[in-house]
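Worksheet: one structure, shown below.
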Amino acid sequence: MGFTRWLRENSEHYLMVGAHEQLARRYPGTRRPRPPHGPVELLWLRVFAPVYRTLPWPLRHRILRAMPGSHRRSWTEPPRPSGPAV
């Protein structure tokens, strides 16, 4: 697995776990995710996820566009309708 794929998969995973933690705090009685184990999980959950969430969208978008991967695919414009559908 390449570095960028590893980074993307870990980022997605820990952002989702961080969002789960936020929801569990917001809604009492909701089951919380397990506490982080080890310094690596602490770094992802207590540093990366909160910092990423505070970044403004234009900066996040620029970072994503700079990283190679499937999110860089450019989609073609949908075809314009040329008349009534038959």
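Key figures
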quantity	calculated
Cross-chain or 6+ apart pairs with Cβ under 6 Å, the range 1-12 first and at pLDDT below 90, then among the hydrophobic types (A, V, I, L, M, F, W, C)	T4/M67
Filter pass, P28 being surrounded by 10 or more Cβ atoms within 10 Å (Cβ to Cβ) and part of a loop (DSSP other than H, G, I, E, B)	no
The lone exception for L64 - which of (1) over 16 Å from E9 (Cα atoms); (2) part of a helix (DSSP H, G or I); (3) at pLDDT below 90 it fails	(1)
Residues within the range 1-51 that are farther than 25 Å from L64 by Cβ and in contact with an Asp or Glu (Cβ under 7 Å, 6 or more places away or on another chain), tallied	1
All positions within the range 31-51 that are basic (K, R) and outside any loop (DSSP other than H, G, I, E, B)	R46
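The values are calculated or read from the model by the stated rules, or taken from the named source; none is laboratory data. Keep in mind the model is a prediction, meaning the values are calculated, not measured. Virtual Cβ from ideal backbone geometry, glycine too; neighbours counted across all protein chains shown.
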